[in-house]
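Undergrad: So that we are looking at the same thing, I have put the structure below in structure tokens.
The values are calculated or read from the model by the stated rules, or taken from the named source; none is laboratory data. The shown structure was predicted, so the numbers you read here are calculated from the model rather than taken from an experiment. Please note: Cβ atoms are built from the backbone with ideal geometry, for glycine as well, and neighbour counts cover all protein chains shown.
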């Protein structure tokens with residue numbers, strides 16, 4: 001089985017990302033990337049996208065545009081479209097650098113561009129957003145991506161939802177954004193997120209869900225399914241937590257039953273099997289990892305029995 005480490009070693013030997021990456025995907029499976037429909041419109045999106053927090057943000061902050069260009073090319077050239085970002089990622093550089101790169105590559109119209117708005121500072125103790133500041137932040141996102149309509153803008157971290165979601169509703173009515181939503185990571189405000197889901201006309205929510213972080217499956221994912229709200233899944237690897245847990249651990253042979261050839265695909269397929277999951281957005285700064293991640297939406301997905309087996313296997317591993 002191909003491991004993530006072996007993919008990286010192969011990529012380094014090959015020297016040219018674009019010469020190698022399509023071959024890796026083809027070798028992994030001849031099947032197409034699984035797509036899920038946005039409930040409100042039926043628009044289908046590839047289930048694996050690219051997030052710009054974590055390592056992507058780190059490279060953007062260091063202005064290593066060459067590496068990030070290859071990651072974005074790997075996403076687009078191999079069937080992915082969804083790119084998730086935010087004005088604050090990478091100290092404000094991730095969205096800026098990614099916008100410059102997709103326009104340089106000429107793929108802005110191919111990208112499903114998902115960004116966020118939040119001008120509420122938790123440190124200030126003031127829970128209210130300045131509408132003018134929120135609008136200015138949104139306009140900067142338009143300047144960065146240079147698309148007439150941004151695909152998705154979400155209120156980040158439930159920041160003053162009445163004010164900021166109200167602005168997004170206006171923009172959607174004007175045709176300047178196609179979809180709107182809200183995000184939250186962590187379980188402490190799940191009840192607040194559920195209330196917004198029930199009371200507002202949301203197209204999307206963004207939340208964290210992983211094989212060892214299954215709380216969202218108890219209420220929020222079923223609620224999203226009932227209400228017809230699409231989902232973006234964040235932190236599918238528990239940020240770095242899961243990599244610590246599987247360090248030195250061999251992928252079980254039975255992972256082949258769901259066409260998983262790496263731990264990344266094992267973790268992603270667990271998430272993708274939930275019917276309420278629309279797109280998963282792992283972050284990476286390496287093209288080979290991008291290819292590996294795309295394999296999480298290719299081939300067979302686990303059934304209920306396999307999901308239990310997978311979760312039990314990870315639960316039995318030592319904590320990171």
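Undergrad: Just to check your reading of the model, which residue among 106, 91 is out of contact with any helix residue (DSSP H, G or I) (no Cβ under 9 Å at 6 or more places or on another chain), loosely packed, with under 14 Cβ neighbours inside 10 Å and within 30 Å of residue 77 (Cβ to Cβ)?
TA: From the options 106, 91, the qualifying one is 106.
Undergrad: Right, something else. So if I check each of 207, 193, which one is touching a helix residue (DSSP H, G or I) at 6+ places or on another chain (Cβ under 7 Å), farther than 20 Å from residue 127 by Cβ and without any contact (Cβ under 8 Å) to a residue 60 or more places away in the chain?
TA: 207
Undergrad: Considering each of 34, 2, 48, 76 in turn, give the residue that is at pLDDT below 50 and within 24 Å of residue 301 (Cβ to Cβ). Working first, answer last.
TA: Values: 34 fails: at pLDDT below 50; 48 fails: at pLDDT below 50; 76 fails: at pLDDT below 50.
Criteria check complete, one pass: 2.
Undergrad: Looking at (1) in a helix (DSSP H, G or I); (2) under 23 Å from residue 38 (Cα atoms), which is the only condition residue 116 fails?
TA: Among (1) in a helix (DSSP H, G or I); (2) under 23 Å from residue 38 (Cα atoms), the lone unmet condition for residue 116 is (1).
Undergrad: What are the residue pairs meeting all of these: first residue in the stretch 227-239, first residue at positive phi, second residue in a loop (DSSP other than H, G, I, E, B) and surrounded by fewer than 24 Cβ atoms within 10 Å (Cβ to Cβ), Cβ atoms under 7 Å, and 6 or more apart or on different chains?
TA: Cβ pairs passing all conditions: 228/39; 228/40; 235/185; 238/212.
Undergrad: Do you know which residues across the stretch 71-88 are surrounded by fewer than 24 Cβ atoms within 10 Å (Cβ to Cβ) and within 20 Å of residue 183 (Cβ to Cβ)?
TA: If the condition is that a residue be surrounded by fewer than 24 Cβ atoms within 10 Å (Cβ to Cβ) and within 20 Å of residue 183 (Cβ to Cβ), then 81, 82, 87, 88 are the ones that fit.
Undergrad: Restricting attention to the stretch 149-165, which residues are touching a helix residue (DSSP H, G or I) at 6+ places or on another chain (Cβ under 7 Å) and not in a strand (DSSP E or B)?
TA: Answer for the stretch 149-165, where residues must be touching a helix residue (DSSP H, G or I) at 6+ places or on another chain (Cβ under 7 Å) and not in a strand (DSSP E or B): 158, 161, 163, 164.
Undergrad: Output yes when any residue across the stretch 118-130 is under 22 Å from the mean Cα position of the chain (by Cα), crowded, with 20+ Cβ neighbours inside 10 Å and either within 29 Å of residue 277 (Cα to Cα) or at pLDDT 95 or above (or both), and no when none is.
TA: Quick first cut of the stretch 118-130, residues under 22 Å from the mean Cα position of the chain (by Cα) only: 118-119.
Of the ones still in play, those that are also crowded, with 20+ Cβ neighbours inside 10 Å are 118-119.
With the extra rule that they be either within 29 Å of residue 277 (Cα to Cα) or at pLDDT 95 or above (or both), the set shrinks to 118-119.
Taking every residue of the stretch 118-130 in turn, at least one turns out to be under 22 Å from the mean Cα position of the chain (by Cα), crowded, with 20+ Cβ neighbours inside 10 Å and either within 29 Å of residue 277 (Cα to Cα) or at pLDDT 95 or above (or both).
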